[in-house]
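The values are calculated or read from the model by the stated rules, or taken from the named source; none is laboratory data. Just so it is clear, the model here is predicted, and its values are computed rather than measured. Cβ placement follows ideal geometry from the backbone for every residue including glycine, while neighbour counts extend to all protein chains displayed. Areas reflect the complete protein model, heavy atoms only, side chains present, ligands, DNA and RNA absent. Shrake-Rupley method; radii C 1.70, N 1.55, O 1.52, S 1.80 Å.
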Amino acid sequence: MALAQEADEISSKPTAVRRLFDAHSVVTMLLCILFAIMYLDRVNISAAAASLKTGFGLNNTEMGLVFSAFSWAYLGSVIFGGWGARQYGAKLTLILCVLIVGIGTIATGLAGGLLSLFLARLAVGMGEGPAFPAATQAMRNWYPPDRFGYIQGITHSASRLGAAITPPLVAAVVLWSGWRSAFIVCGVAALLWCVVWWIVFRDDPREHPGVRSTSIASLTVSVPDRRARIPFWLITRRMASVTLVMFAYGWTYWVFVSWLPLYFVNQHHTDLKSSALLTSALFFAGLVGNTVGGVVSDRILKATGRNRRARCSVILVSLLGAAILITPTMFFDDLRIVVPLLAGAMFFLELTIAPMYAIPMDISKEYAGLGSAYVIMGVGLSGIVSPVVLGWLLDLSGNWNIPFATGVGILLAGAAAIPWLRPDIPLATDIAANARDSRAST
């Protein structure tokens, strides 16, 4: 009996190992690493901002311009991620995107002034913009509907892990060998990811030798189709409200991403190391919020069967919770009070992400990636406006509470727009109605 039990235990170990390293687990891990690298290469500019300002003699308005360069290209290129994934597949699209991000990040480390900094950050934004829609299409093919919130939550948590480790990592490299080395290290990490993704990933999970047949049964796969006619106008009309709500989220998000290290230095008189650690702590709170938002949204969906309630209720709590917790930070100077409040605000703010990215996955399998581009557009638009406007206001007033005050007002406006979100209506319904109207008119 003992020998039989021991044999069973031994035979079960390879199964456990296979489950840990099966195709879905490896793809999940690679997507998480991708999102972490994207945010590593996005946030490193704010972590090195003090060194850049000193080295190139930049003021806050010029620094805001450098911050916004990313978002100009990010917004301008985002639609190509969903289009590319639909036409050519997420595998090829993501490799091209991440190559551009890696090269742009390395170029940031080689910059010689304001213009070259701006151009390098344009390149990073150009690569990152299409990456997330392409990744969303990959998720839509590889995961069942009741896991949409989870996979969006865990990958975006990984992105916030990248954001959380970036400030102390960049600060350490800056102190050790200068700010240029920090960007080169981050860029090389992106290039290495491309190699592994090319070897491992398949656009159609049914063609992957490591995918279990039980996993395939619950998937609805959309394969790349270069001849597909994409209903851009219908997608735009359906996703406009999503873009609006994400603009409200993005305004405060960019305050955290772009200005937090300088906020701690100027408002609370911390040094570079301390501001990096404090910023990192807040991003860890956001990391938790991303996963919680996805898990809670999926559980509401399972309990009620109602997409709209599952997504919109979490988003409403997110925006209102962030606004409530940010407000008192403008009335306290004690970091023992301010930091927990900002951490809580970051947690609530990031609850938004998973349900918002799940909405285009809910409404369409063919155009999930393209739909997610409209989610990103809201963040991109706010990323263009927010850093420049806030940099100008900071130079004008010297008041470091202004970023948070504007954020609270815009978060409340975003909460008011939530009733227009409709994840419960498939895009196919709009396509069919449009086809009927076209036939009727002829």
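Across segment 28-66, which residue is surrounded by the most Cβ atoms within 10 Å (Cβ to Cβ) among those that are in contact with a Lys or Arg (Cβ under 9 Å, 6 or more places away or on another chain) and among the β-branched types (Val, Ile, Thr)?
By that ranking, first place goes to Ile45.
Given the structure, is Pro328 part of a helix (DSSP H, G or I) and within 17 Å of Gly293 (Cβ to Cβ)?
Numbers: part of a helix (DSSP H, G or I): yes; within 17 Å of Gly293 (Cβ to Cβ): no.
No, not satisfied.
Tell me, please, whether a residue that is polar (S, T, N, Q), out of contact with any Lys or Arg (no Cβ under 7 Å at 6 or more places or on another chain), farther than 15 Å from Gly371 by Cβ and part of a helix (DSSP H, G or I) can be found in segment 122-145.
Within segment 122-145 (the criterion being polar (S, T, N, Q), out of contact with any Lys or Arg (no Cβ under 7 Å at 6 or more places or on another chain), farther than 15 Å from Gly371 by Cβ and part of a helix (DSSP H, G or I)), the answer is no, since none of the residues qualifies.
Kindly indicate which of Leu325, Leu341, Leu319 is aliphatic (A, V, I, L, M) and under 19 Å from the mean Cα position of the chain (by Cα). Explain how you work it out, then say what you get.
Values: Leu325 fails: under 19 Å from the mean Cα position of the chain (by Cα); Leu341 fails: under 19 Å from the mean Cα position of the chain (by Cα).
Within the list Leu325, Leu341, Leu319, the selection yields Leu319.
How many residues does segment 343-368 hold that are assigned to a loop (DSSP other than H, G, I, E, B) and at pLDDT below 90? So that I can check it myself, show each step before the final result.
At the first step, the residues of segment 343-368 found to be assigned to a loop (DSSP other than H, G, I, E, B) are 351-352, 364-367.
Within this subset, residues satisfying the condition of being at pLDDT below 90 are 364-367.
Here the count works out to 4.
Scan segment 277-322 for residues that are in contact with a His (Cβ under 9 Å, 6 or more places away or on another chain) and over 15 Å from Phe256 (Cβ atoms) and jot them down.
Selection gives Thr291, Gly293, Gly294.
Considering each residue of segment 76-128, count those that are in contact with a Pro (Cβ under 7 Å, 6 or more places away or on another chain), within 20 Å of Cys186 (Cβ to Cβ) and touching a residue at least 40 places away in the same chain (Cβ under 8 Å), and give that number.
So in segment 76-128, the residues in contact with a Pro (Cβ under 7 Å, 6 or more places away or on another chain) come out as 77-78, 80-82, 84-89, 93, 97.
Subset that is within 20 Å of Cys186 (Cβ to Cβ): 77, 97.
Narrowing further to those that are touching a residue at least 40 places away in the same chain (Cβ under 8 Å): 77.
Total meeting the criteria: 1.
Taking segment 26-67 on its own, how many of its residues are under 20 Å from Leu287 (Cβ atoms), at pLDDT 80 or above and not hydrophobic (A, V, I, L, M, F, W, C)?
The total comes to 1.
Can you tell me which residues in segment 208-236 are hydroxyl-bearing (Ser, Thr, Tyr), farther than 17 Å from Pro360 by Cβ and either at pLDDT 75 or above or surrounded by 11 or more Cβ atoms within 10 Å (Cβ to Cβ) (or both)? Reasoning before the result, please.
Residues of segment 208-236 hydroxyl-bearing (Ser, Thr, Tyr): 213-215, 218, 220, 222, 236.
Within this subset, residues satisfying the condition of being farther than 17 Å from Pro360 by Cβ are 213-215, 218.
Those that are hydroxyl-bearing (Ser, Thr, Tyr), farther than 17 Å from Pro360 by Cβ and either at pLDDT 75 or above or surrounded by 11 or more Cβ atoms within 10 Å (Cβ to Cβ) (or both): Ser215, Ser218.
Condition test on Met361, is it in contact with a helix residue (DSSP H, G or I) (Cβ under 9 Å, 6 or more places away or on another chain), of a type in the set (A, V, I, L, M, F, W, C), within 19 Å of Gly289 (Cα to Cα) and open to solvent by less than 10 Å² (accessible area, probe 1.4 Å)?
Working: in contact with a helix residue (DSSP H, G or I) (Cβ under 9 Å, 6 or more places away or on another chain): yes; of a type in the set (A, V, I, L, M, F, W, C): yes; within 19 Å of Gly289 (Cα to Cα): no; open to solvent by less than 10 Å² (accessible area, probe 1.4 Å): yes.
Answer is no for this residue.
Among the residues of segment 377-400, is there at least one that is in a helix (DSSP H, G or I), open to solvent by 10 Å² or more (accessible area, probe 1.4 Å), more than 24 Å from Gly84 (Cα to Cα) and modelled with pLDDT of 90 or more?
No - not one qualifying residue is present in segment 377-400.
Can you tell me which residues in segment 186-212 are over 10 Å from Lys91 (Cα atoms), outside any loop (DSSP other than H, G, I, E, B) and touching a residue at least 60 places away in the same chain (Cβ under 8 Å)?
Hits for segment 186-212 are Cys186, Gly187, Val188, Ala189, Ala190, Leu191, Trp193, Val196, Pro205.
Test Arg299 against the stated conditions and say whether it is among the basic types (Lys, Arg), part of a helix (DSSP H, G or I) and either out of contact with any Pro (no Cβ under 8 Å at 6 or more places or on another chain) or on the phi > 0 side of the Ramachandran plot (or both). Working first, answer last.
Working: among the basic types (Lys, Arg): yes; part of a helix (DSSP H, G or I): yes; either out of contact with any Pro (no Cβ under 8 Å at 6 or more places or on another chain) or on the phi > 0 side of the Ramachandran plot (or both): yes.
So Arg299 passes the test.
Run Lys91 past the list (1) at pLDDT below 85; (2) assigned to a helix (DSSP H, G or I); (3) open to solvent by less than 40 Å² (accessible area, probe 1.4 Å) and report the number of the one that doesn't hold.
For Lys91, the exception is condition (1).
For segment 115-125, state whether one or more residues are out of contact with any strand residue (DSSP E or B) (no Cβ under 8 Å at 6 or more places or on another chain) and under 28 Å from Tyr150 (Cα atoms).
So far as segment 115-125 goes, yes, one or more of its residues are out of contact with any strand residue (DSSP E or B) (no Cβ under 8 Å at 6 or more places or on another chain) and under 28 Å from Tyr150 (Cα atoms).
Residue-wise test of (1) among the hydrophobic types (A, V, I, L, M, F, W, C); (2) open to solvent by 20 Å² or more (accessible area, probe 1.4 Å).
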site	(1), (2)
Ala345	yes, no
Leu351	yes, no
Pro355	no, no
Val375	yes, no
Ala416	yes, yes
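Give all pairs with beta carbons closer than 7 Å in which a residue from segment 230-250 that is more than 15 Å from Val375 (Cβ to Cβ) meets a residue that is in a helix (DSSP H, G or I) and open to solvent by 10 Å² or more (accessible area, probe 1.4 Å); count only pairs at least 6 apart in sequence or on separate chains.
Here the result reads Ile230/Trp83; Ile230/Arg86; Pro231/Ile431; Leu234/Asp430; Leu234/Ile431; Leu234/Asn434, each pair linking segment 230-250 to a residue that is in a helix (DSSP H, G or I) and open to solvent by 10 Å² or more (accessible area, probe 1.4 Å).
Residues in segment 41-54: is at least one within 19 Å of Ala182 (Cβ to Cβ), acidic (Asp, Glu) and in a helix (DSSP H, G or I)?
Filtering segment 41-54 down to residues within 19 Å of Ala182 (Cβ to Cβ) leaves 41-54.
Adding the requirement that they be acidic (Asp, Glu) leaves 41.
With the extra rule that they be in a helix (DSSP H, G or I), the set shrinks to 41.
Checking segment 41-54: at least one residue is within 19 Å of Ala182 (Cβ to Cβ), acidic (Asp, Glu) and in a helix (DSSP H, G or I).
Filter segment 268-306 for residues that are of a type in the set (S, T, N, Q) and farther than 17 Å from Ala343 by Cα; which is most open to solvent (accessible area, probe 1.4 Å)? Steps first, please.
Applying the first criterion (of a type in the set (S, T, N, Q)) to segment 268-306 yields 270, 274-275, 279-280, 290-291, 297, 304.
Within this subset, residues satisfying the condition of being farther than 17 Å from Ala343 by Cα are 270, 297, 304.
On the way: Thr270: 26, Ser297: 0, Thr304: 56 Å².
The selected residue is Thr304.
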